[in-house]
Amino acid sequence: QFRTLRTNLLRAGGGDGQLFLITSALPGEGKSTVAAHLAVSLAEADRRVVLIDGDLRCPVLHTLFDLPNDRGLIELLKRNPPKPDRWAELNDPALVTAAQQTAMPNLRVITSGGTSAEASKLIGSRQMEGWVQALLASKEVDAVLIDTPPALPICDALDLATRLDASILLVIQAGKTARDALVTLKDRCEYLGLRLGGLVMNRVQDR
């Protein structure tokens, strides 16, 4: 299923240099698991992927990939991103430290680096926008995925999407996600003029 999702996304987006924000309407719908599996699937297709844990309140990607979380996005956002003329090399020492190599040759993960009481301020910062732009412009990165908090109770995902040319993937859990919540989130995305890349139905039971 994730290979099929990968194929559809690459076809819709036209190839490399893509940015995906993965979110859900409410907590517990499996967005982080979907983000992790999609990143692995893209890496298996020889895409060089950077997966970012942008959920600074409840990060989980470090546990899914068995990585240390003593460094990561929070520390990175305390630094200014490199200037545009340095984006192609992507050899900034802070980024090299933050982007941890996983067991997948083409997949690096920037863990949260802990939790923060200033999560919204950090995610909506100029530094966040600059680092993502640097990653997308790099010759060493084909796709960037950001696991963001659930979008209805927390504004981080939609706030970040307004700053970046991202495709939003909404994860919905079969049998759990309320229709009203999904419609509300869809309406918010349309009101803000955001690009909705698609819906991912999670935890569908075979019959």
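List the residue pairs whose Cβ atoms are under 6 Å apart, where the first residue sits in the range 144-159 and is under 16 Å from I52 (Cβ atoms), the second is aromatic (F, W, Y) and part of a strand (DSSP E or B), and the two are 6 or more positions apart or on different chains.
Close Cβ pairs (under 6 Å, with a partner that is aromatic (F, W, Y) and part of a strand (DSSP E or B)) amount to L145/F20.
For the subset of the range 148-174 comprising residues that are of a type in the set (V, I, T) and crowded, with 17+ Cβ neighbours inside 10 Å, which member is nearest to the chain's Cα centre (by Cα)?
T148
Of everything in the range 115-127 that's open to solvent by 20 Å² or more (accessible area, probe 1.4 Å) and of a type outside the set (S, T, N, Q), which residue is nearest to R57 (Cα to Cα)?
Result: A117.
Quick check, is I110 over 14 Å from L51 (Cα atoms) and crowded, with 20+ Cβ neighbours inside 10 Å?
no
Taking the stated definitions as given, is V144 farther than 18 Å from T33 by Cβ, part of a strand (DSSP E or B) and either at pLDDT 90 or above or open to solvent by less than 10 Å² (accessible area, probe 1.4 Å) (or both)?
When the stated conditions are applied, V144 passes them.
Given the conditions (1) within 17 Å of the chain's Cα centre (by Cα); (2) open to solvent by less than 80 Å² (accessible area, probe 1.4 Å); (3) under 26 Å from D46 (Cα atoms), which single one is not true for Q101?
With (1) within 17 Å of the chain's Cα centre (by Cα); (2) open to solvent by less than 80 Å² (accessible area, probe 1.4 Å); (3) under 26 Å from D46 (Cα atoms) applied to Q101, the lone miss is (2).
Only one of S32, S41 is closer than 19 Å to V200 by Cβ, of a type in the set (S, T, Y) and in contact with a Phe, Trp or Tyr (Cβ under 6 Å, 6 or more places away or on another chain); which?
Going through S32, S41 in turn, the sole match is S41.
Residues that are touching a strand residue (DSSP E or B) at 6+ places or on another chain (Cβ under 6 Å) and not aliphatic (A, V, I, L, M): find the helices (runs of 4 or more DSSP H) completely inside the range 20-107 holding 1 or more of those.
Filter on the range 20-107 gives 31-44.
The values are calculated or read from the model by the stated rules, or taken from the named source; none is laboratory data. For clarity, every value in this text was computed on a predicted model and none was experimentally measured. FYI the Cβ positions are ideal-geometry reconstructions off the backbone, even for glycines, and counts take in every protein chain you see. The area values use the complete protein model at the heavy-atom level, side chains included, leaving out ligands, DNA and RNA. Shrake-Rupley method; radii C 1.70, N 1.55, O 1.52, S 1.80 Å.
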